[in-house]
Structures are given as structure tokens and as C-alpha cells.
Amino acid sequence: TSPVQRGAWVVETLIGRRIPPPPPNVPKISDDEKSAEGLNVQQQLAKHRADANCAACHAKIDPPGIALENFDPIGRWRNRERDGTPIVNRDQLTDGTEMKGVEGLTAWLRTREDEFLTNFHRKLLGYALGRAVLPGDKRLLERMKQHGSQFESLVDAIVTSPQFTRAR
């Protein structure tokens, strides 16, 4: 599994925060469940976050990724690693909030509802228009924000907009 990639996906795709690419010469996390030193993935990531150059990003992406550790590389649920040790799906955010498993991730996402909806609106609009969202779309995004998560109203706001009706 890759908690780093999963966490980055959650933060970028669901919340809309950009995560910069890793700097060159970053030490690689072991591809196995345990490193040569006998550290599991979570312990390796904790050690990695101890480096100040890595901590800024990893503090944001590791906890959501670790919360999804019960899923194997192809998405099947598991309770134990291949060696029989229990899955560790718990990590702590920089604000001290503990994120444990899918339930913890869900609770954390609910506290980020505004960011999630803003990102959802941008992605839905970009998809509907078949192009990137532009500065001229700001008013439409504000109108969509008034509808919150009411999908039918969001679609109506998009398809009745000049951006949609006047597209070539």
C-alpha cells in the first residue's frame, strides 16, 4: 500500500489543497510491509516526518493515507498485514487530532466541508464546461456555493449559465 500516495490523493482531490512534489534526494520508504530495520510503514513515515524538509507536507498527507491502511493495494479490506501483525490505521494530525481508520477520515473530512464543497464545485464546473475553471467563472462559482451540495441545483446553475449556454 502507499499511505503517502493515498493521503496526497485525499488532500488534493477531495480537499483541493496542492501538495508540491517531493524534493530531490528524498529517502524512499520501503516497498515491503517492514523496512530492513524492522519498521512498519507508519514508523517509517514518522521517522521521515522527523526531517524538517519533509515534515511540512507529510504532516498533512500521512494521517489520511494511514487511515486507509485497512485497504490493500487493490482495495480489498484487511485486518492484518501479510506477516499477521494487526494493521495500524491511526495517526495524529499536527493539531493533535487523532485520525483512526475510515471513520476518523470521514470525521476529519466533515470538518473540512467548506473546502470539500469548494473543490467539488470547481471540479464539477470544469467537467461540465470541458475546460479549466477560469477567473471569469468566479460569479458562477459563488452562485453554486449558495446551493451547497444540492446536486440538482448545482447542475441547473451550470447549464443555465452563460459559460455553458454560449460555449462553442
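The values are calculated or read from the model by the stated rules, or taken from the named source; none is laboratory data. What you are looking at is a predicted structure, and each value in this text was computed from that prediction instead of being measured. So basically every Cβ, Gly included, is an ideal-geometry build from the backbone, and we count neighbours across all protein chains shown. Surface accessibility is based on the protein's heavy atoms, side chains included, excluding ligands, DNA and RNA. Shrake-Rupley method; radii C 1.70, N 1.55, O 1.52, S 1.80 Å.
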Check your understanding: Restricting the search to segment 95-117, which residues are touching a residue at least 12 places away in the same chain (Cβ under 8 Å), open to solvent by 30 Å² or more (accessible area, probe 1.4 Å) and under 14 Å from the mean Cα position of the chain (by Cα)?
Key -> V102, L109, R112, E115, F116
Check your understanding: Looking at this structure, is E81 closer than 29 Å to Q42 by Cα, of a type in the set (D, E) and at pLDDT 95 or above?
Key -> no
Study note, to complete from the structure: Of the residues in segment 129-168, those that are open to solvent by 80 Å² or more (accessible area, probe 1.4 Å) and in a helix (DSSP H, G or I) come to P135, K138, R139, E142, R143, K145, Q146, F151, E152, D156, F164, T165
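Check R49, R76, R80, R18 and return the single one that is open to solvent by 40 Å² or more (accessible area, probe 1.4 Å) and in contact with a strand residue (DSSP E or B) (Cβ under 8 Å, 6 or more places away or on another chain).
Matching residue, one of R49, R76, R80, R18: R80.
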Check your understanding: Scanning for something assigned to a helix (DSSP H, G or I) and closer than 18 Å to V10 by Cα, does segment 77-100 turn up at least one residue?
Key -> no
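Would you be able to say whether some residue in segment 43-60 is of a type in the set (D, E) and over 30 Å from L154 (Cα atoms)?
Yes: segment 43-60 contains one or more residues that are of a type in the set (D, E) and over 30 Å from L154 (Cα atoms).
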Exercise for review: For segment 53-68, indicate whether the set of residues that are in a loop (DSSP other than H, G, I, E, B), open to solvent by 90 Å² or more (accessible area, probe 1.4 Å) and without any contact (Cβ under 8 Å) to a residue 40 or more places away in the chain is non-empty.
Suggested key: no
